[in-house]
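Okay, structure first, notes after.
Just so it is clear, none of the values below were taken in a lab; they were calculated from the coordinates. As the structure is a prediction and not an experimental result, all values here were calculated from the model. As a convention, Cβ positions derive from the backbone with ideal geometry for all residues, glycine included, and neighbour counts pool all protein chains shown.
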């Protein structure tokens, strides 16, 4: 069912309560990557141009109670610079003082609420149903533009929509995400390949099963590759591994595993490094850290023939320069391909930003978990809750 979008709402003199995703990395009080704030600008500016005011809600990190280190104040400062207007910072996200600030907003003004996760009821709405109600009092309509948290049925992402049964809409960012991800479910151009990396197979087994029904091949890298190698009876030394039984029923004909590996006797840049064929097995005391150059060559032949490629998760321990070569090589190959290339959020997006290749991809998703869940289930609670067109 199609949902209302921001353009469907009457915005003149409206107070738009907008959920954004400002869960950004902050070091010593400074934001080190503002891309999530930048991604919210289009929706905020549209409301301002239409004569509305904006009340922004977001979480930041995993606070235990009200933690000043996880205040959204740095985000208000950065947003003020990007919008070139003074963004007011609320002292809290609910309460009479916040309600007064919201009520007194004039058209064109922006208020950022304090971290909604300072309250337990944000992540566990049943603990205090009045939390979502109190948030809803601040606006006259609700817009969800936080794709990165749309897979969570939290107070400010999903529950709040019930208080705006005829005026809950998706923002431009969520609209763009769905435009890019829907074709991967409904009608992907073939050949369609998926690259799945990262550490744990358990968190991605559901999406792998769904993708296997649609793709022409899945390339498995990162820590999860060792569970697959172990299942084939190959020794994996001290490599990260989960229960091989979790992958027993997966059809093998579409799976591509690393044919060689970069291994080390220590999980750091200082250890000894060797490149071995995967079939040789990893000796005790050593662990797999990256895909090897032969794997990059073999995979690139298929990937360059693809019409659609979805990628989620790095293919090695890319935070360490000695083990970033595999992830970088595949990123460069995809950056030069003519395929529709969709990067499913998280660390793979961080790697592409590090390499300054972001303009070479069709779409970089702002939500790793959300993009995977959308591909697995075809819908998300934060979008399901919005008003039908």
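In the range 6-173, the C-alpha radius of gyration followed by the widest Cα-Cα span (Dmax) gives 14.3, 42 angstrom.
Size of the chain: Rg and Dmax of its alpha carbons, in Å, are 22.5, 69. Neighbour counts of C-beta atoms inside 10 Å place 147, 323, 164 in the sequence 164, 323, 147, starting with the fewest.
Alpha-carbon geometry of the range 153-269: the Rg and the Dmax are 19.1, 60 Å, given in that order. Annotation: Cα Rg of the range 89-220 relative to the compact-globule expectation 2.2 N^0.38 Å equals 1.37. Entry note: the range 188-375 has Rg to Rh equal to 0.94, where both radii use alpha-carbon atoms and Rh is the Kirkwood radius.
For the chain, the 222 nm mean residue ellipticity estimated from helices alone, with every DSSP H stretch of n ≥ 4 adding -39500 (n - 2.57) and the total spread over all residues, rounds to -9000 deg cm²/dmol. Principal semi-axes of the equivalent ellipsoid, √(5λ) from the alpha carbon gyration tensor of the range 286-389, are 28, 16, 13 Å from largest down. By how many degrees, 0 to 90 and rounded to 10, does the Cα axis of helix 172-186 deviate from the longest principal axis of the chain? It is inclined by approximately 40 degrees. The per residue volume of the convex hull around the alpha-carbon atoms of the range 145-205 is 131 Å³. Please compute the Kirkwood hydrodynamic radius over the range 317-364, one decimal place, Å, based on all pairs of different Cα atoms. In the range 317-364 this quantity evaluates to 10.8 Å. The angle separating the long axis of helix 368-377 from the principal Cα axis of greatest extent in the chain is about 80 degrees.
Helix 293-303 versus the longest principal axis of the chain: what angle, 0 to 90°, nearest 10, using Cα atoms? It is inclined by approximately 60 degrees.
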